[in-house]
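The values are calculated or read from the model by the stated rules, or taken from the named source; none is laboratory data. Values in this document were obtained by computation on a predicted structure and should not be read as measured data. Please note: Cβ atoms are built from the backbone with ideal geometry, for glycine as well, and neighbour counts cover all protein chains shown. Side chains are part of the model used for accessible areas, which takes the heavy atoms of the whole protein and leaves out ligands, DNA and RNA. Shrake-Rupley method; radii C 1.70, N 1.55, O 1.52, S 1.80 Å.
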Amino acid sequence: MMSRVLAILLAVLGFVSTFRVDQTEQVILTQFGSPVGEPIAKPGLHFKLPFVQQVNSFDKRYLGWDGPMVEMSTKDKTYVQVHTFARWRIADPLRYYLRLRDERSAQSRLEDILGGETRTAIARHELIEVVRSDKDRKPLQDESFTGPLTGEGTLGVLRPIRVGRAAIEKDVFEAAAPKLAEFGIELLDVRFKRINYNQQVLERIHQRMISERLQIAQRFRSEGEGEAARIKGNKERDINEIQSAAYKLVQQIQGEADAKATEIYAKAYGQRPEAAEFYKFSKTMETYRKVIDGDASLVLSTGGDLYGLLKRPDKGR
């Protein structure tokens, strides 16, 4: 019976005297709240004083910090909303434990330091520097937008900058890393996750976009009107050429027909004197039909040829 009790006591003592370190962890032993020995980062089974020493484990993997969306002002007094994120790890567990104790405190300290450095960096640069990735970026251009669309502020033309967003992120990293190192934190990377414009800034950007699109639309309309005028001019020229050629051909055919008809008439009515007299009479009657209608009023001389033809034959002698 005593041996069984002794075995149970040894098992309990062994259980409370050992602890396991995972490969993703690093451990600091504390005795009455004070660190004891060096940090333990080697995975496996380790020993400690039972009931006296306490195990404090920390993650040794890369950790993330995702800051809140914060509104801040740029150098040109334009308010933007910046969402920053970072990657970090616990490089000095002992210092980390003494200064921060846990990850919650570390996240709070990261927010204070990175948020402050982000505000400082944004305030030193203009809006165009913050939203542009880098100063060497070349925009994709549509060939149809080249030509008159040139100059600063037009579509396909980027305003020149000095540094760009990548350099600003680097400034935040270099300023915050030494401050976080004092807490045992190694800062690995800092990035701007999202940059949103303030509502007033958005309205100005939308107006600029509308202006650029109107400029493009006006150019297309001008080109279309010019092309329409060219096509219309070509059409009018072709119509005039066709009408001129047709009129020339009509006059030529009509002239040839009149000449042929005159030749036929001359041959027909020139054979006998009576035929010539009849031709003269028929042409005169044709003239009457064209000149005299129901509303015509004529004043004729008694000695005229026209009056002579209208007299009755028995009274004209």
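What to note about this one:
- Measuring with a 1.4 angstrom probe and ignoring ligands and nucleic acids, Met285 comes out at about 50 Å² accessible.
- Taking every C-alpha pair closer than 8 Å and separated by at least 6 residues, the mean separation divided by the residue count of the stretch 31-85 gives a relative contact order of 25 percent.
- Using a probe of 1.4 Å on the protein chains alone, the accessible area found for Asp258 is around 80 Å².
- Cβ-based net charge around Leu188, under 10 Å, with every Lys or Arg adding one and every Asp or Glu removing one: 0
- When the residues Glu111, Glu169 are ordered by accessible surface, computed with a 1.4 Å probe over the protein chains alone, the sequence from largest down reads Glu111, Glu169.
- Take 94-106, 242-254 and order them by the average number of nearby Cβ atoms within 10 Å per residue, most first; the result is 94-106, 242-254.
- log₁₀ of I(q)/I(0) at q = 0.22, 0.24, 0.26 Å⁻¹ - the stretch 40-126, Debye sum with one point per alpha carbon: -1.08, -1.18, -1.28
- When each of Lys248/Lys283; Lys232/Lys260; Lys75/Lys179; Lys235/Lys290; Lys48/Lys179 is checked by Cα-Cα distance, pairs over 30 Å: Lys232/Lys260; Lys235/Lys290; Lys48/Lys179
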